[in-house]
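K.L.:
Below are the structure tokens for one structure; questions will follow.
The values are calculated or read from the model by the stated rules, or taken from the named source; none is laboratory data. Since the structure is predicted, the reported quantities are computational estimates derived from the model, not experimental observations. Neighbour counts run over all protein chains shown; Cβ positions are idealised from the backbone, glycine included.
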Amino acid sequence: MPTDTQTKATWRKELRIFVYWFVGALVVALIAMFFTLWVYVKSPQDAWRFWKMSVPIALSQSLTYIQAVVVYLLFVLARSLVRTFRKRRWKGLARGFALKVLLPVFLIWSFIRIVDVYRYSESFEYAWDTTVENQQPHIQDLHAIDGKLRGMHLFDLEDDSTDLALLNAQNVEWLTFVPYIGQNVYNKPPEYVGIDSSWTQRRFESMEHRMEMLAPYRFKVMLKPHIWLQQTPDGTWRSDIAMNSEAEWETWFDFYTDYILMYASMAEQLGFEMFCIGTELHATVAQQPERWKTLISQIKETYTGKLVYAANWSDNLDDVSFWEELDYIGIQAYYPIAEGSNPELGELEAGWQAHAEHLQELSERYNKPILFTEIGYKSTPDAATRPWEWVQPSHRFYKRVSHKTQALSYQAFFNVIWPKPWFAGAILWQWNPGSNSDGKNNRFTIKGKPALNVVARGFSEPVTP
């Protein structure tokens, strides 16, 4: 019978082992993240830059620590099996392996299967119509006929052009690339010392390679930089970015201007048809209108294509004082169009009708067409109630998949907003080449889901006045 002192010593030893494995797992995971980024971006400097942006985000996620605990538990399991083997040899090891490994794996597998039966239990019959697909080897350029952008945000484009052919077949004509600009926190300017020229050259070469891949399909391109906040205390995000003094504002705009002019120059050199000067930066726009107008003048000296600013739908769009300086009124259009889960088409259409009048008034007031710089719906039953919300890792274990809600939400958009004469088009969120195409997920992607065919049909014909 162990004494209290021995028991405490045992617990302290086990605690030390836990800490070693827990911390070690975190360190190894972060190192692996860096090398994964290195392989992906093919540059240690770029990998280091993205790694520094990604680490605070990873450390803010509970899943990161759960994974570290799992590593420790695997160690405990292996240690237990080794001890069993030493005591009872092969027979004991076989029994221990069955009870400690096979049985838990079977129970976990059974649990996942039961969850999947629940998550994929929706009954939605959809007749896929392939006749609406583009049969040409390149885009039809319907934009030249009706002036409407048929677009998609495209991420992680690799050398395989399979997804480009698929997007072309679905009548997508515009692709949007999103380079990220890192900033630590919303209320302090970055410690900025200028843009490294070698990094700029690598970014240019990467974009140039993408354009070479797009050339056979004749896709049009918009470049749309986003600021990526590495820390988001109290739910703050890029729309909240605001400085505390004129000196800080000066530093922030020097930082932002350098990056935007660099990307504007890149867009000009590579022939991008459109450039987005900013995305969801409401506080900066509302508080520093003159600085933004100065920036726009500088951009126009560098870039000769179409210009847009992407304002968040929930902001006061009249706070943007420079709509007249741009070609479009850009809106990140995550409008709620339903009050509950599993809405029918009529409710979704009514939801869009409630926003259409305001959008028309906005277009007429500034004499500019409305462009949805983002619009997207997850494949979840509540996708139309809070479209802006991201899918969380925990949703994998309880959130049902609803291809119907996603498809109907897009159909309502095409029925109500798409034909309007003041509406200039939409850039859908989002498409990741190489991702699963079976549709068995509740993410924003429409790949492998009925919504893909809904979009193909909506994009397939020019809109007549």
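K.L.:
So which residues in segment 293-316 are buried (at least 22 other Cβ atoms within 10 Å of the Cβ) and over 19 Å from A267 (Cα atoms)?
P.N.:
A311
K.L.:
Further question on the same structure: Name the residues in segment 190-222 that are in contact with a Pro (Cβ under 9 Å, 6 or more places away or on another chain) and within 16 Å of G151 (Cα to Cα), would you? Before you say what the answer is, go through the steps one by one.
P.N.:
Of the residues in segment 190-222, the ones in contact with a Pro (Cβ under 9 Å, 6 or more places away or on another chain) are 203, 207, 216-217.
The answer is Y217, and nothing else.
K.L.:
Which one is modelled with the highest pLDDT, of the residues in segment 354-400 that are aromatic (F, W, Y) and either over 25 Å from G330 (Cα atoms) or surrounded by fewer than 14 Cβ atoms within 10 Å (Cβ to Cβ) (or both)? Show your work before the answer.
P.N.:
To start, the set of residues in segment 354-400 that are aromatic (F, W, Y) comprises 366, 372, 377, 388, 390, 397-398.
If we keep only those that are either over 25 Å from G330 (Cα atoms) or surrounded by fewer than 14 Cβ atoms within 10 Å (Cβ to Cβ) (or both) as well, we get 390, 397-398.
Values: W390: 89, F397: 77, Y398: 81.
So the residue we want is W390.
K.L.:
Additional query: Looking only at segment 95-110, filter to residues that are modelled with pLDDT of 90 or more and either small (G, A, S) or not in a helix (DSSP H, G or I) (or both); which one of those is nearest to F397 (Cα to Cα)?
P.N.:
S110
K.L.:
Go through (1) buried (at least 19 other Cβ atoms within 10 Å of the Cβ); (2) modelled with pLDDT under 95 for M243 and report which single condition fails.
P.N.:
All conditions pass for M243, except number (2).
K.L.:
Is there any pair linking a residue in segment 313-334 that is at pLDDT below 95 to one that is among the charged types (D, E, K, R), with Cβ under 7 Å and at least six apart or on different chains, and which?
P.N.:
none
K.L.:
Shifting gears a bit: Could you check segment 335-348 and list, in sequence order, the residues that are surrounded by fewer than 21 Cβ atoms within 10 Å (Cβ to Cβ) and in contact (Cβ under 8 Å) with a residue 12 or more places away in the chain? I'd like the intermediate steps shown before the answer.
P.N.:
Going through segment 335-348, the residues surrounded by fewer than 21 Cβ atoms within 10 Å (Cβ to Cβ) turn out to be 336, 339-342, 344-347.
Answer for segment 335-348, where residues must be surrounded by fewer than 21 Cβ atoms within 10 Å (Cβ to Cβ) and in contact (Cβ under 8 Å) with a residue 12 or more places away in the chain: P336, E339, G340, S341, N342, E344, L345.
K.L.:
Then there is this: Just one of T405, T445, T464 is in a loop (DSSP other than H, G, I, E, B) and buried (at least 23 other Cβ atoms within 10 Å of the Cβ); which is it?
P.N.:
Numbers: T405 fails: in a loop (DSSP other than H, G, I, E, B); T464 fails: buried (at least 23 other Cβ atoms within 10 Å of the Cβ).
Answer to the selection: T445.
K.L.:
Check R79, R12, R88 and return the single one that is surrounded by 13 or more Cβ atoms within 10 Å (Cβ to Cβ) and of a type in the set (D, E, K, R).
P.N.:
Numbers: R79 fails: surrounded by 13 or more Cβ atoms within 10 Å (Cβ to Cβ); R12 fails: surrounded by 13 or more Cβ atoms within 10 Å (Cβ to Cβ).
Of R79, R12, R88, the one residue that is surrounded by 13 or more Cβ atoms within 10 Å (Cβ to Cβ) and of a type in the set (D, E, K, R) is R88.
K.L.:
Would you check if there is a residue in segment 124-141 being more than 27 Å from T279 (Cβ to Cβ), small (G, A, S) and either modelled with pLDDT under 95 or in the same structural domain as V455 (by TED's automatic domain parsing) (or both)?
P.N.:
Our first condition is that a residue be more than 27 Å from T279 (Cβ to Cβ); within segment 124-141, this holds for 124-138, 140.
Subsequent filtering for residues that are small (G, A, S) retains 127.
Imposing the further condition that a residue be either modelled with pLDDT under 95 or in the same structural domain as V455 (by TED's automatic domain parsing) (or both) reduces the set to 127.
Scanning segment 124-141 turns up at least one residue that is more than 27 Å from T279 (Cβ to Cβ), small (G, A, S) and either modelled with pLDDT under 95 or in the same structural domain as V455 (by TED's automatic domain parsing) (or both).
K.L.:
Could you list all residues from segment 239-263 that are within 15 Å of P179 (Cβ to Cβ) and free of Cβ contacts under 8 Å to residues at least 40 places away in the same chain?
P.N.:
The one that is within 15 Å of P179 (Cβ to Cβ) and free of Cβ contacts under 8 Å to residues at least 40 places away in the same chain: I260.
K.L.:
Mind checking which pairs have a first residue in segment 30-42 that is without any contact (Cβ under 8 Å) to a residue 40 or more places away in the chain and a second that is of a type in the set (V, I, T) and surrounded by 12 or more Cβ atoms within 10 Å (Cβ to Cβ), Cβ under 8 Å, 6 or more apart or different chains?
P.N.:
Partner pairs satisfying both residue conditions: L30/V55; M33/V55.
K.L.:
Looking only at segment 208-227, count how many residues are surrounded by fewer than 18 Cβ atoms within 10 Å (Cβ to Cβ) and not in a helix (DSSP H, G or I).
P.N.:
Count: 2.
Yes or no, residue by residue, for (1) in a helix (DSSP H, G or I); (2) in contact with a Leu (Cβ under 7 Å, 6 or more places away or on another chain); (3) closer than 25 Å to N187 by Cα:
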| site | (1), (2), (3) |
| --- | --- |
| Y256 | yes, no, yes |
| Q269 | yes, no, no |
| T284 | yes, no, yes |
| D315 | no, no, yes |
| S321 | no, no, yes |
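K.L.:
Turning to a different aspect of this structure: Has segment 126-144 got any residue that is closer than 30 Å to W252 by Cβ and not in a helix (DSSP H, G or I)? So that I can check it myself, show each step before the final result.
P.N.:
Taking segment 126-144 and keeping what is closer than 30 Å to W252 by Cβ, we get none.
Within segment 126-144, not a single residue is closer than 30 Å to W252 by Cβ and not in a helix (DSSP H, G or I).
K.L.:
Something else about it: I'm trying to understand the selection: among the residues of segment 145-192, which are in a strand (DSSP E or B) and among the aromatic types (F, W, Y)? Show your work before the answer.
P.N.:
Narrowing segment 145-192 to residues in a strand (DSSP E or B): 149-154, 174-177, 180-183.
Those that are in a strand (DSSP E or B) and among the aromatic types (F, W, Y): W174, F177, Y180.
K.L.:
Residue check, S437 against (1) within 22 Å of F177 (Cβ to Cβ); (2) touching a residue at least 12 places away in the same chain (Cβ under 8 Å), all met but one. Which one?
P.N.:
The failed condition is (2).
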